[in-house]
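Taking it in order: structure first as structure tokens, then the write-up.
The values are calculated or read from the model by the stated rules, or taken from the named source; none is laboratory data. The structure presented is a predicted model; accordingly, all values stated were derived computationally and were not measured. Every residue, glycine among them, receives a Cβ derived from its backbone with ideal geometry; neighbour counts consider all protein chains shown. Note: accessible area is taken over every heavy atom of the protein model, side chains too, but ligands, DNA and RNA are not part of it. Shrake-Rupley method; radii C 1.70, N 1.55, O 1.52, S 1.80 Å.
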Amino acid sequence: MFPGELKCHRCDECDGFGCPDMLPGLGGVMDGHNFQANYQAWKDLADKASDAVNEIPLKPQLIRCGPVTGAVENIGFENEKDFYVPYLENAFNAGFGLCIGDGCPDEKLKYGIEAVKKITEENGKTPVDAAFFLKPYPQEKLFERLEWIKPYARYAGVDIDSYNILTMRNLVNLERKTAVQLEELRQFAKVPFVVKGVFTEQDIELVKQLRPDVVYISNHGGRVETRQGSTGDFLAEHAAELKKYCNEIWVDGGLRTKKDLQAALFYGADQVIMARPLIRATFDDSYNELLKAYF
């Protein structure tokens, strides 16, 4: 375990009922409703097609660690920098793809970049499957951040749902991005472009206009103010339509068990992303035990 105290109750089931509105921390907003809905939806969807879901092969390369920052205020580390290398190295060593988040102050993104650089150098400079997600800052600031990540990014994306984090929006002037603005960023990035936080009808219209390389369905793990609902149900309802406008669909939110991951793949996801279980396993140094539940 790392110095500090994990801001998580280590419930037997990480279903959102033990930490409603626990922010800072690993809980969710709106009395934890979307956190709880995310968790339950995968169970319900798996039950609807149980035999077919069980047949879906689960491989490490179909999984990614979630883009996470705020190690001190939300996780409980004593020092922000201490989180990034172990969190990303554990995922890389498990064969997972990496997602790197953005935050305020800028050091949070820079720590993620440094961790990916370290992993790359330690593995013979083999390119790392790293996807970077930037907050929807004003364009000039995003172009600067894209320059920072260019040497290490296999994918670049904008975390559009973080606009709904009211405190951060007011602090750092986040914007609701248009398709034109996102296309400018995609052209500048010159790597596959991801729109993260697709969860509403308005987001679907944005996807239709932009036609990104990857659509990432997310409600921020139930941590942002948005409509009520689950990412699992959104995937099941809209995957076929969204696939007309992108190459891949990624999804996160409430994925805990092997069958949850299989259900996400069965209902149309190409990649599944987890955060809370991997955060806890990193903090508690129990990653190998976690992996036994999946493979």
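Sort Asp161, Asp31 by heavy-atom solvent-accessible area, probe 1.4 angstrom, most to least.
In descending accessible area the options line up as Asp31, Asp161.
What ³J(HN,Hα) values, in whole Hz, does the Karplus curve 6.51 cos²θ - 1.76 cosθ + 1.60 give for region 54-65 when θ = phi - 60°, with x put for Gly and Pro?
3J(HN,Hα) across region 54-65, in whole Hz: 4, 7, 6, x, 10, 10, x, 5, 8, 10, 10, 6.
Given the C-alpha atoms of the chain, compute the convex hull and give its volume per residue in Å³.
Given the Cα convex hull of the chain, per-residue volume reads 118 Å³.
In deg cm²/dmol, rounded to 500, what helix-only [θ] at 222 nm does the chain give when every DSSP H run of at least 4 residues adds -39500 (n - 2.57) and the total is split over its residues? If you can, show how the numbers build up before the last one.
Values: 12 runs with 124 residues, N = 295.
That comes out to -12500 deg cm²/dmol.
If ligands, DNA and RNA are left out, what is the accessible area of His220 with a 1.4 Å probe, given in Å² to the nearest 10?
The accessible area of His220 comes to roughly 40 Å².
If you rank Asp12, Asp44 by how much accessible surface each has, with a 1.4 Å probe, what is the order from largest down? Write down the numbers at each step before the final one.
On the way: Asp12 165, Asp44 70 Å².
Largest accessible area first, the residues go Asp12, Asp44.
Restricting the count to DSSP beta bridges whose residues both fall in the chain, what percent are antiparallel, rounded to a multiple of 5?
Among the beta bridges of the chain, antiparallel pairing accounts for roughly 5 percent.
What area, in nm² and to one decimal, does the C-alpha convex hull of region 220-263 cast on average over all directions?
3.7
Ignoring ligands, DNA and RNA, what percent of the accessible area of region 118-231 is carbon or sulfur (1.4 Å)?
After summing per-atom areas, the C and S share lands at 50 percent.
When only Cα pairs under 8 Å and 6 or more residues apart are kept, what is the percent relative contact order across the chain? Provide the component values of the computation, followed by the final result.
On the way: 577 pairs, mean separation 66.2, N = 295.
Relative contact order of the chain: 22 percent.
Sort Leu182, Leu206 by accessible area with a 1.4 Å probe, largest first.
Listed by decreasing accessible area, they come as Leu206, Leu182.
Would you work out which of Ala153, Gly222, Cys19 lies farthest towards the positive end of the dipole of the chain, given +1 charges on the beta-carbon of Lys and Arg and -1 on that of Asp and Glu, about the Cα centre?
It is Ala153.
From the phi of every residue in region 226-231, what ³J(HN,Hα) in whole Hz does the Karplus formula 6.51 cos²θ - 1.76 cosθ + 1.60 yield, where θ is phi - 60° and glycine or proline is x?
Couplings: 8, 5, 7, x, 10, 5 Hz.
Quick check on my link table: of Lys118/Lys258; Lys110/Lys135; Lys110/Lys292; Lys177/Lys243; Lys81/Lys292, which ones sit more than 24 Å apart, alpha carbon to alpha carbon?
In this structure, Lys118/Lys258; Lys110/Lys292; Lys81/Lys292 lie more than 24 Å apart at Cα.
What dipole magnitude, in Debye to the nearest 20, does region 239-280 give about its Cα centre under +1 on Lys/Arg Cβ and -1 on Asp/Glu Cβ?
It comes to approximately 240 debye.
For region 39-171, build the charge dipole from Cβ charges (+1 Lys, Arg; -1 Asp, Glu) around the Cα centre, then report which of Val72, Asn93, Ala131 sits farthest towards its positive end.
After comparing all options, I get Ala131.
When the dipole is taken about the Cα centre of region 170-283, and only Lys, Arg (+1) and Asp, Glu (-1) are charged at their Cβ, what size is it in debye, to the nearest 20?
The calculation lands at about 380 debye.
Could you size up the charge dipole of the chain around its Cα centre, putting +1 on the beta carbon of Lys and Arg and -1 on that of Asp and Glu, and report it in debye to the nearest 20?
Dipole about the Cα centre, nearest 20: 600 debye.
In the Gaussian network model of the chain, springs joining C-alpha atoms below 10 Å, which of Ala37, Ala240, Ala281 carries the largest mean-square fluctuation?
Ala240
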